[in-house]
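Presented below is the structure to which this report refers.
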Amino acid sequence: MRNHDIDFAALGGRIKDILYQYVGIQTFTNTAGERLVEDFFTDHFGQIEYFKEHPEFWGLYPLENDALGRNVCWAMVRGNSNKTVVLVHHYDIVDIEDFKMLKPFAFSPDVLAKELAKHREMLPPDAQKDLDEDTFVFCRGGCDMKAGGSIQYALLEAYSQLEDFEGNVIVIGVPDEENLSAGMRAADRLLAQLKEEYGLEYLMMINSEPHQRKDFSKGVFSEGTVGKMMPFVYVRGFLSHAGKVFEGLNPVSVLSEIVTRTEINMAFADAVGGEAAPPPTWLYMKDSKDRYDVSMPLTAQGCFSVLTQKQTPAELLERVRATCEEGFEAVIGRMNENYADFCVKTGQPVKPLPWKVKVVNYGELYAEAESYGGEEFRKAYEEEMQSVLRDMQEGKVHMIEGNFRLIERIYDYIEDISPRVVYGLLPPYYPNVSNIYFDGIAPSARDMSERLNVYTEEMYGQQYTKEYFYTGICDLSYINIDDPKKQRDSVAGSMPLFGEYYDIPFEAIKEISMAGINIGPWGKDFHKLTERVYKEDLYERTPHILDHAITLLFA
């Protein structure tokens, strides 16, 4: 089976032209700069004859209630059937703080290469080698992931010039992947609308994130992506003077015990088919004190990141509850042991301290406050929610602080002031997704990695291995789902900010459900000064592989 009749030599030059324009746009994630891409996009597709003739097949799709007014960029080449392949990439990038004196050159690949050469001694040996051999493009955002986007845009442009094209190809560029994936969640709604309007049959979504190599001689295709959840833990202690420690309970000790039992704990890490998710790590932890005094803090709170390959929100939260209970029990046990020792040494009678283990989830705490406060509580909580949303939008507080402000507001209506632990989830939620879980995979999408490997070995003598999960976290998390109601209920009941600040279009995902694969160029050092993408993949190999995958899907 041959590729489409495309001049791939010319295509490589076109990819380079697009890439250099694309990376020149400073689209830092979760900033107004992301909107700068929209002018680039409309200018690019507005000059292509096909899209001049078919303005209904491309445009900007707004993100709902987005404070920055961002849009999804999309374009479609219509063919002779309803079979449809979706190509997706994100165009937001991380900051350039690590570039230091090289910041002015971060978005100019050729100039940056020359400047890096002047300071090559500060680079790792592998980066020095790649720079000297001129085999990689160095720049911020080139690898992650405007290289993949440039390949997709150039291919779609080439498809628009073909006659008698089989099937439909949609390219989607999304903002916000590095933050909350608001762009991809909006894209799900867009794809559901396009499906209904044009009667599309979605076969597969192809993401073009860069792949990393453990064995430099072998590329990687990913037939899914790890999921991510971010549990939060809020510990309410009991105030006491530091000289009367046994009269209080320090929440820091409880939270610290929970951190110890979860940080890099492989018991929280999934393993599927010889692949394992990295264990969790804590991203935020602090107590409630904002000034010095000699009292222990009343509360302590934090959150940690868990990557998943098969865990559901319900399963993870049950594990979090058990860990909180065990940690709380261990702290109380140690306190009682030390209090007994203190009593013996001070000639007092030994008796147990009054503290008991109490652990509840967010939903249970809310229901308890509602039972006490009724309509007054509901009104006060909604007012606090709107205040938190305004403050987050204006940059006065970040999402994690806003979440704990809501917990504090609930506590204004809680009569039981004894120590306890409250747990739940913070945004974002990335479901784990893999073709091995997806029953609705189209026949032409089956065994895609294996069939592409046959092609790459014949064409390039290059092997590609298959993995079930892309470990870098990506937008493929939002391409298929089996039970929207179950998923929505499991998240909504545990996430204070769900619905008002953050939502997932589970129903739209069900409508568009399709298989997925990541086919991207080889990249190194994502989010680092030495971020770079392999030229041979970028300009030659990956465009051929993407086109061959589309050819196979439409066969």
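Do any residues in the stretch 429-445 that are acidic (Asp, Glu) have Cβ atoms under 8 Å from those of residues that are open to solvent by 30 Å² or more (accessible area, probe 1.4 Å) and assigned to a loop (DSSP other than H, G, I, E, B), where the two are at least six apart or on different chains, and which pairs are they?
As it stands, the answer is Asp439/Asp482, since those pairs meet every condition given.
Give the number of residues within the stretch 290-333 that are open to solvent by 50 Å² or more (accessible area, probe 1.4 Å) and either assigned to a loop (DSSP other than H, G, I, E, B) or in contact (Cβ under 8 Å) with a residue 24 or more places away in the chain (or both).
Narrowing the stretch 290-333 to residues open to solvent by 50 Å² or more (accessible area, probe 1.4 Å): 290-294, 298, 310, 312, 314-315, 318-319, 325-326, 329.
Those left that are additionally either assigned to a loop (DSSP other than H, G, I, E, B) or in contact (Cβ under 8 Å) with a residue 24 or more places away in the chain (or both): 290-294, 298, 310, 312, 314, 319, 325-326, 329.
Total meeting the criteria: 13.
What is the one condition in (1) part of a helix (DSSP H, G or I); (2) open to solvent by 20 Å² or more (accessible area, probe 1.4 Å); (3) touching an Asp or Glu at 6+ places or on another chain (Cβ under 8 Å); (4) not small (Gly, Ala, Ser) that Ile509 does not satisfy?
In the conditions (1) part of a helix (DSSP H, G or I); (2) open to solvent by 20 Å² or more (accessible area, probe 1.4 Å); (3) touching an Asp or Glu at 6+ places or on another chain (Cβ under 8 Å); (4) not small (Gly, Ala, Ser), Ile509 misses (2) alone.
Kindly list the number of the only condition in (1) within 30 Å of Trp355 (Cβ to Cβ); (2) open to solvent by 10 Å² or more (accessible area, probe 1.4 Å); (3) assigned to a strand (DSSP E or B); (4) of a type outside the set (Lys, Arg) that fails for Tyr234.
(2)
Within the stretch 337-375, take every residue that is of a type in the set (A, V, I, L, M) and in contact (Cβ under 8 Å) with a residue 60 or more places away in the chain and give me the one that is nearest to Leu406 (Cα to Cα).
Kept after step one, since they are of a type in the set (A, V, I, L, M), are these residues of the stretch 337-375: 340, 344, 350, 353, 357, 359-360, 365, 367, 369.
Still in the running and in contact (Cβ under 8 Å) with a residue 60 or more places away in the chain: 353, 359-360.
Working: Leu353: 31, Val359: 18, Val360: 15 Å.
My answer is Val360.
Suppose the filter is touching a Gly at 6+ places or on another chain (Cβ under 8 Å) and not in a helix (DSSP H, G or I); does Ile436 pass it? Before you say what the answer is, go through the steps one by one.
On the way: touching a Gly at 6+ places or on another chain (Cβ under 8 Å): yes; not in a helix (DSSP H, G or I): yes.
Taking the combined requirement at face value, the residue satisfies it.
May I ask you to say which residue of Ala127, Ala147 is farther than 30 Å from Lys52 by Cα, part of a helix (DSSP H, G or I), at pLDDT 95 or above and of a type in the set (Gly, Ala, Ser)? Show your work before the answer.
On the way: Ala147 fails: farther than 30 Å from Lys52 by Cα.
Exactly one residue qualifies, and that residue is Ala127.
Yes/no matrix, rows are residues, columns are (1) touching a helix residue (DSSP H, G or I) at 6+ places or on another chain (Cβ under 6 Å); (2) surrounded by 12 or more Cβ atoms within 10 Å (Cβ to Cβ); (3) farther than 19 Å from Pro543 by Cα; (4) in contact (Cβ under 8 Å) with a residue 24 or more places away in the chain:
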site	(1), (2), (3), (4)
Ala10	no, no, no, no
Arg14	yes, yes, no, yes
Tyr22	yes, yes, no, yes
Thr27	yes, yes, yes, yes
Asn30	no, yes, yes, yes
Glu38	no, yes, yes, yes
Pro62	no, yes, yes, yes
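At pLDDT 95 or above and more than 21 Å from the chain's Cα centre (by Cα): which single residue out of Ile417, Ile410, Ile400 fits that description?
On the way: Ile417 fails: at pLDDT 95 or above; Ile400 fails: more than 21 Å from the chain's Cα centre (by Cα).
Among Ile417, Ile410, Ile400, only Ile410 is at pLDDT 95 or above and more than 21 Å from the chain's Cα centre (by Cα).
Report, by residue number, each residue of the stretch 462-477 that is modelled with pLDDT under 95 and either open to solvent by 70 Å² or more (accessible area, probe 1.4 Å) or in contact with a Cys (Cβ under 6 Å, 6 or more places away or on another chain) (or both).
Thr471
The values are calculated or read from the model by the stated rules, or taken from the named source; none is laboratory data. Given the structure is predicted, the values throughout are model-derived calculations rather than measurements. Quick reminder, even Gly has a Cβ in these numbers, built from the backbone with ideal geometry, and neighbours come from all protein chains shown. For accessibility, only protein heavy atoms count, side chains too; no ligands or nucleic acids. Shrake-Rupley method; radii C 1.70, N 1.55, O 1.52, S 1.80 Å.
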